[in-house]
Amino acid sequence: MNRRSVASARIDTPSESIESKLLDILYEQRAYIVFGTLGLACIALLGYVRTGQPWFCWWSASSIVLLAGRMGTTVAFSKRVIGAGRPGLWHDRFLIGLWVNGASCGVGAALSILWTDELTQLFVLMMVTTFVMGSASRNSPYPRAAIGSVLLAEVPSVLGCLASREVYHMLFTPFVVVFTFSALG
């Protein structure tokens, strides 16, 4: 083994260790994933009970399917053989689940802003706000995950506020934008 390959081996080891720890941090979020997604599904069901709009049932059901997929990936990650699979593959799997969840929150919030009563809007926006701040802080070691989930949740909310042409939603929009930049920070 020449000097260059020894130096290369030393450089790669810490990087792999950091990647492994990052993956462990990302996949240790089981409780947050379960309670956050079930909370979202419950809010959607309450929206259906309150408004009778069937899209709330679809939102709730898709949240449960998403939860099953994310938990399946988490269980697969925990059962993997140490070092099995490249870290990027596990990052991508986590990222896809998180981004789909963020988009689900954002679309649900936008539809709620456009088609429901004020109390339902309040509960949905509170849930999305909780998701965004929790996701931003928990996933901050992986910026693509944190930034993506924040934008996928908040951009549809902003668009829903603007599309509603309701004065309170229009006034709420700058606060959502500031909140989004705060979460991205």
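Values quoted throughout were computed directly from the atomic coordinates according to the rules given, and no laboratory measurement underlies them. Everything quoted here is computed from the prediction, not taken from an experiment. A quick note on method: Cβ atoms are made from the backbone with ideal geometry, for glycine too, and the neighbour counts reach across all protein chains shown.
Would you order F77, F35 from fewest to most other beta-carbon atoms within 10 Å of each residue's own beta-carbon? Don't jump to the answer; show the numbers that get you there.
Details: F77 17, F35 11.
Starting with the residue having the fewest Cβ neighbours, the order is F35, F77.
Let me know the charge dipole size of segment 91-185 about its Cα centre in debye, to the nearest 20, where only the beta-carbon of Lys, Arg (+1) and Asp, Glu (-1) is charged.
Numbers: 4 positive and 5 negative charges, 63 e Å.
Roughly 300 debye for segment 91-185.
Might you report the magnitude of the Cβ-based charge dipole of the chain about its Cα centre, with Lys and Arg at +1 and Asp and Glu at -1, to the nearest 20 debye?
Values: 14 positive and 10 negative charges, 151 e Å.
Dipole magnitude for the chain comes out near 720 debye.
What list of ³J(HN,Hα) couplings, whole Hz, do you get for segment 158-174 from phi and the Karplus terms 6.51, -1.76, 1.60, once you set θ to phi - 60° and write x for glycine and proline?
Using θ = phi - 60°, the values come out as 4, 4, x, 4, 5, 5, 5, 6, 8, 4, 5, 5, 5, 6, 6, 4, x Hz.
Most exposed first by the Cβ proxy, i.e. fewest other Cβ within 10 Å, how do S112, S164, S20 rank?
Working: S112 28, S164 18, S20 14.
Going from sparsest to densest Cβ surroundings: S20, S164, S112.
In a GNM of the chain with a 10 Å cut-off on Cα contacts, which of S157, S63, S137 has the highest mean-square fluctuation?
Looking only at S157, S63, S137, the largest GNM fluctuation is found for S137.
Quick one: order T130, T37, T74 by neighbouring beta-carbon count within 10 Å, fewest to most.
So the residues, fewest neighbours to most, are T130, T74, T37.
Count charges around A110 for me, please; just the other residues with Cβ under 14 Å from its Cβ, Lys/Arg as +1, Asp/Glu as -1. List each step's numbers first, then the result.
Values: positive: R165; negative: E154, E166.
Neighbourhood net charge equals -1.
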